[in-house]
């Protein structure tokens, strides 16, 4: 149920990041600019509600992914710590899958921007990070 008086937004990234493996790699991420297209300012302040991730090219026995959301490209200022989810694979295409995370906490970007970095790792093998969406409210 939506919160009364809150406005909901989302940031979606659809660029492929290939060969995401069993360790976090600072060269493999999705950059979300949460205020993009809005007139709310340059510093992100809001409630991160959820994170939706779609992967393709699942290989080598990957069944789970771990997500981390950070305020910096080095992955050092984390606000969603390492959170594992089981991939729900396609019913007809087992090499694609999705994972969903619920967050629901207020965040103010530490560095005065609206940038949020999503890093992933797998439990085994590799995946391609194909799509990610962060939903948030004011």
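The table below lists the values:
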| read-out | value |
| --- | --- |
| Members of region 20-30 that are farther than 10 Å from residue 129 by Cβ and surrounded by 13 or more Cβ atoms within 10 Å (Cβ to Cβ) | 21, 22, 24, 25, 26 |
| Candidate set: region 1-30, residues that are over 23 Å from residue 120 (Cβ atoms) and in a loop (DSSP other than H, G, I, E, B); chosen: the one modelled with the lowest pLDDT | 1 |
| Number of the condition not met by residue 112 [criteria: (1) over 20 Å from residue 14 (Cβ atoms); (2) free of Cβ contacts under 8 Å to residues at least 60 places away in the same chain] | (2) |
| Hey, residue 91 at pLDDT 95 or above and not in a strand (DSSP E or B) or not | yes |
| Residue check for residue 82: at pLDDT below 95 and either closer than 25 Å to residue 37 by Cα or surrounded by fewer than 17 Cβ atoms within 10 Å (Cβ to Cβ) (or both) | no |
| Long-range neighbours under 7 Å by Cβ, at least six apart or interchain, first residue on the phi < 0 side of the Ramachandran plot within region 83-101, second exposed (fewer than 15 other Cβ atoms within 10 Å of the Cβ) and not in a strand (DSSP E or B) | 86/63; 87/63; 96/90; 97/90 |
| Residues satisfying the stated conditions in region 31-46, i.e. buried (at least 16 other Cβ atoms within 10 Å of the Cβ) and in a strand (DSSP E or B) | 32, 46 |
| Members of region 32-46 found to be more than 26 Å from residue 20 (Cβ to Cβ) and at pLDDT 90 or above, listed by number | none |
| Number of positions in region 47-66 that are crowded, with 21+ Cβ neighbours inside 10 Å and assigned to a strand (DSSP E or B) | 6 |
| Residues of region 95-114 satisfying the condition of being modelled with pLDDT under 95 and either buried (at least 17 other Cβ atoms within 10 Å of the Cβ) or not in a strand (DSSP E or B) (or both) | 103, 107, 109, 110, 111, 112, 113, 114 |
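The values are calculated or read from the model by the stated rules, or taken from the named source; none is laboratory data. None of these values were measured; they are calculated from a predicted model. Cβ: placed from backbone, ideal geometry, glycine included. Neighbour counts: every protein chain shown.
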